1. Pull out the extension gain between A:D162 and A:N12, defined as 0.36 nm times the separation in residues minus the alpha carbon to alpha carbon distance; nm, one decimal.
2. Under 20 Å Cα-Cα from A:K153, which lysines qualify once same-chain neighbours fewer than 8 residues away are excluded?
3. Provide the per-residue ³J(HN,Hα) series for the stretch B:41-50, in order, calculated from phi with Karplus coefficients 6.51, -1.76, 1.60 and θ = phi - 60°, each as a whole number of Hz, with x at glycine and proline positions.
4. Kindly give the distances from A:V11 to its copy-mates, label point to label point, with each label point 7 Å from Cα along Cα→Cβ, as nm values to one decimal ordered shortest first.
5. Taking neighbour counts of Cβ atoms within 10 Å as a proxy for exposure, in what order, fewest first, do A:L74, B:L174 appear?
6. Could you give the distance between the Cα centres of the stretch B:67-142 and the stretch A:148-190, to the whole Å?
7. Measuring from a point 7 Å out along Cα→Cβ, what nm distances, shortest first, does A:Q159 have to its partners in the other copies?
8. Determine the relative contact order of the stretch A:58-136: mean sequence separation of Cα pairs under 8 Å and six or more apart, normalised by residue count, in whole percent.
There are 2 protein chains.
Amino acid sequence: MSIQEKELQSVNIVNGVDVNHVVNAVEAFSENEELANFKFRLTNKWIDGGHNHSTITSCFGASQENTHDEPFELNSDVHPVFAGKDRGASPPEHFLNALASCLTTTLIYHAAVQGIKIHELESEIEGDIDFRGLLGVNDQVRKGYENIRVSFKVKTDSQNIDKLEELATFSPILDVARNGTNVDIIIEQK
Amino acid sequence: MSIQEKELQSVNIVNGVDVNHVVNAVEAFSENEELANFKFRLTNKWIDGGHNHSTITSCFGASQENTHDEPFELNSDVHPVFAGKDRGASPPEHFLNALASCLTTTLIYHAAVQGIKIHELESEIEGDIDFRGLLGVNDQVRKGYENIRVSFKVKTDSQNIDKLEELATFSPILDVARNGTNVDIIIEQK
């Protein structure tokens, strides 16, 4: 590789994403699938009533532990309409944040790799829960979201819009939100 | 109702939860199911690269708009191992926070209504994602979490532990995580 090629490679930033970094990851994951195995994790501690607190210090991936410079701290609580004290977003709101942020990141990264420039991107997300399920009022009512609607407004060349819908389907959290996954729960006495 | 009964009712706090408030909600939702229809929502805005930002101002429920005193602001980003700048928890981490916090709140609230006193409760949650799915390296690999493990340690009377596993299954986000739901996505030009 010539010096010019190396320099060109070093500045291949699209949508703020270092495309070469991502392309190199794709190549590395193709050659060694163990590198692609990521483990995300956190600890959560109940504070009082509807209030609990998560701490996120690191994730495992690319065959190494990847520590955050500072742990991320997230509060969750319940609105007073439901006997909480509103000291943080509620669990259903945190879920919508996970889904919206995952769709956004997936769109931006995949678009970057394909050379699709995104100038602005914002979304609104809304979901419906019938709380009779959670409260056990009616066991025919499901407990979780019955429907979720996501609406994106994207500033990009008009020819790109149709491609973006396909790219969104690569989102890990969209996959779980649509298809579910295995969740094992163990409860032990402290 | 005598004054004594009213006073007793007004101080029925278990696990920091106002049990009468919850019981009244159950009764109200039984009599008028429209009250139980909640809509959660947020707006998300892409900032740059893997960084985006959600704002949560209110939810609809109990036939009214329920505004947070201050909007909740949540940042999402990607770790540098994956070409991000780590300005917030990543979408898969936000998802685990939503699930852990929802399980915790569900356990605490249902336990409170049943008179089960919880003295301490904490959890660890971990999930596995093979990023070859997200990156389109192998279309046989699923994009989302393949497995999620949640481990609770609870300080309570030992006789309560077995009941808690059943109570956890009322969690709305556990329902979505295990069973999936309908997600509609619209992408339009801005």
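Nothing in this text is a laboratory measurement; each read-out follows from the coordinates by a stated rule. Values in this document were obtained by computation on a predicted structure and should not be read as measured data. For neighbour counting, all protein chains shown are included, and Cβ atoms are generated from backbone atoms with ideal geometry for every residue, glycine included.
1. Details: separation 150, 0.36 × 150 = 54.00 nm, distance 2.42 nm.
Full extension from A:D162 to A:N12 adds 51.6 nm.
2. A:K117, A:K163, B:K45, B:K190
3. Whole-Hz 3J(HN,Hα) from phi for the stretch B:41-50: 7, 7, 10, 10, 10, 6, 9, 5, x, x.
4. Going from nearest to farthest copy, the values are 7.3 nm.
5. Details: A:L74 25, B:L174 22.
Taking fewest neighbouring Cβ atoms as first place, the list is B:L174, A:L74.
6. Comparing the Cα centres of the stretch B:67-142 and the stretch A:148-190, I get a distance of 14 Å.
7. Those label-point separations list as 7.3 nm.
8. On the way: 48 pairs, mean separation 12.0, N = 79.
Relative contact order, the stretch A:58-136: 15 percent.
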